[in-house]
Amino acid sequence: MTTERDDLWLHARQEISIVELADCAGLSEAEVRELVEFGALSPSDITRWTFSSTCVARVRSAARLRQDLELDTAAFALVMRFLERIDELEQRLRHLSAERQAPQRR
Amino acid sequence: MKYKDYYATLGVDRKASADEIKKAYRKLAQKHHPDVNKEKGAEEKFKEVAEAYQTLKDPEKRAAYDQLGTGFQPGQDFRPPPDWERQFHTQGGGTGGFSFEDLDLSDLFEQLRGQQREARAKRPIPGQDYEVRVQLTLDDAYRGTQLDLDLGARTIKARIPKGATDGQRLRLRGQGGKGMNGARDGDLYLDIELRPHPLYRPAGHDLYVDLPLAPWEAALGATVEVPTLDGAVNMKIPEGTTAGRKMRIAKKGLPKPGGGEGDLYAIVQIVNPTVLSDEEKALYRQLGETSRFDPRGHFAGEKTNDD
């Protein structure tokens, strides 16, 4: 069975290094730094170049899109921003549904 | 081996230029990519399109594919023509007895004569990550649970610690595909979906529950029992409570990862019986006559505006 050492809730806001983030997303460190330069991603600690685990799913998804859709860097960064906005909207929608007794949607 | 018509998959002519093939791929890839398109079957369709493109975008692979012949129907069982293998396939010493039946068409183009043979160089290849959607009940999320996951190649027992909520992900390190030549194994990501619950609605780690009150309970105040995932609690309803009021029951929501809990919010609803006895009707009538309450006072100002 999987154990405590092996698991991480991505929304737990655990600090991860740039190396770990790059590895998770199949990117190079340089590519992650580029995203930060474009303003598409913000380290939680700029001096230590660590990131919140909350960005992992988004970076992975954008990296897949970049590879599969053959996107250039500007488009890659833009996709990241849109994914962040989509995440925020989906979260807000869930909260509103719950408060207003609307049926749950995925 | 089943035939696949890669040109038809991309919607292009067999004589299409490299540019036309690229454009066709991009259009279909954008449409069906599972990170964009959340409909059922999108991922399947995308994989088909990607496979077709991988073969047709490479001039050597495309030539080899074209040489398989034409006139086959998609899904039809077929074999490459006798010369094909000698011309294109690099497996030393002929087929060596391996059966075409066991192959997928895409496997034929993995290694062609004249292409780089990376398999000989022991290049480390990290294991593939898997992403699986998993449905949990609120109770599973509340207490933590253990799931048996069928990943095709194997089944694993995954421990789901407390901290789950709708739309969040759990990463299980090293539970993905095997890494090759010393590279690390891939990870397993569980994408959590909470099943609807008859009472509670999650919003992050908070929970919402409707709290129906009779008109006299809301007007006069009352003590009511509210169920929580952690047993029932008694709640004091102040007199003069109105509909829609959110009443917080601290720490009775879902556990957060790393400790702490969300809250449970009871949303007051004032409900009326649909069938009244004569006695009840009489009492209501009396109340209506006695009360000076005007629920639609604010309409008065607006009504005079259409002169």
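One table, with the values for the structure above:
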read-out	value
Count - residues of the stretch B:125-160 that are modelled with pLDDT of 85 or more, open to solvent by 20 Å² or more (accessible area, probe 1.4 Å) and either among the hydrophobic types (A, V, I, L, M, F, W, C) or in contact with a Gly (Cβ under 7 Å, 6 or more places away or on another chain) (or both)	8
Candidate set from the stretch B:172-183 (those that are within 14 Å of residue B:131 (Cβ to Cβ) and out of contact with any helix residue (DSSP H, G or I) (no Cβ under 6 Å at 6 or more places or on another chain)); member that is nearest to the other protein chains (Cβ to nearest Cβ)	B:175
Answer from A:12, A:75 - the residue that is open to solvent by less than 70 Å² (accessible area, probe 1.4 Å), out of contact with any Asp or Glu (no Cβ under 7 Å at 6 or more places or on another chain) and under 27 Å from residue B:53 (Cβ atoms)	A:75
Qualifying position, being within 14 Å of chain A (Cβ to nearest Cβ) and hydrophobic (A, V, I, L, M, F, W, C), among B:24, B:63	B:24
Strands (runs of 3 or more DSSP E) enclosed by the stretch A:1-73 - at least 2 residues per element that are more than 13 Å from chain B (Cβ to nearest Cβ)	A:50-52
Sole residue being open to solvent by 50 Å² or more (accessible area, probe 1.4 Å), within 30 Å of residue B:165 (Cβ to Cβ) and either among the polar types (S, T, N, Q) or modelled with pLDDT of 95 or more (or both), chosen from B:305, B:234, B:272	B:234
Helices (runs of 4 or more DSSP H) wholly inside the stretch B:1-56 containing at least 1 residues that are touching a Gly at 6+ places or on another chain (Cβ under 8 Å)	B:18-32
Any pair with Cβ under 7 angstrom, 6 or more apart, that starts in the stretch B:195-212 at a residue that is in contact (Cβ under 8 Å) with a residue 12 or more places away in the chain and ends at one that is open to solvent by 10 Å² or more (accessible area, probe 1.4 Å) and among the polar types (S, T, N, Q)	B:195/B:135; B:195/B:137; B:210/A:101; B:210/B:269; B:211/B:269; B:212/B:269
Strands (runs of 3 or more DSSP E) (entirely within the stretch B:184-251) containing at least 3 residues that are out of contact with any His (no Cβ under 9 Å at 6 or more places or on another chain)	B:188-194, B:206-213, B:222-226, B:233-237, B:246-249
Extreme residue, least open to solvent (accessible area, probe 1.4 Å), among residues of the stretch A:42-65 that are farther than 22 Å from residue B:170 by Cβ and aliphatic (A, V, I, L, M)	A:65
Leading residue by the ranking (most open to solvent (accessible area, probe 1.4 Å)) among those in the stretch B:184-217 that are among the small types (Gly, Ala, Ser) and within 11 Å of chain A (Cβ to nearest Cβ)	B:204
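The values are calculated or read from the model by the stated rules, or taken from the named source; none is laboratory data. Remember, it's a predicted structure, so these values are computed and weren't measured experimentally. All Cβ positions, even for glycine, are placed from backbone atoms using ideal geometry, and neighbour counts span all protein chains on display. Surface areas here come from the heavy atoms of the whole protein model, side chains and all, with no ligands, DNA or RNA. Shrake-Rupley method; radii C 1.70, N 1.55, O 1.52, S 1.80 Å.
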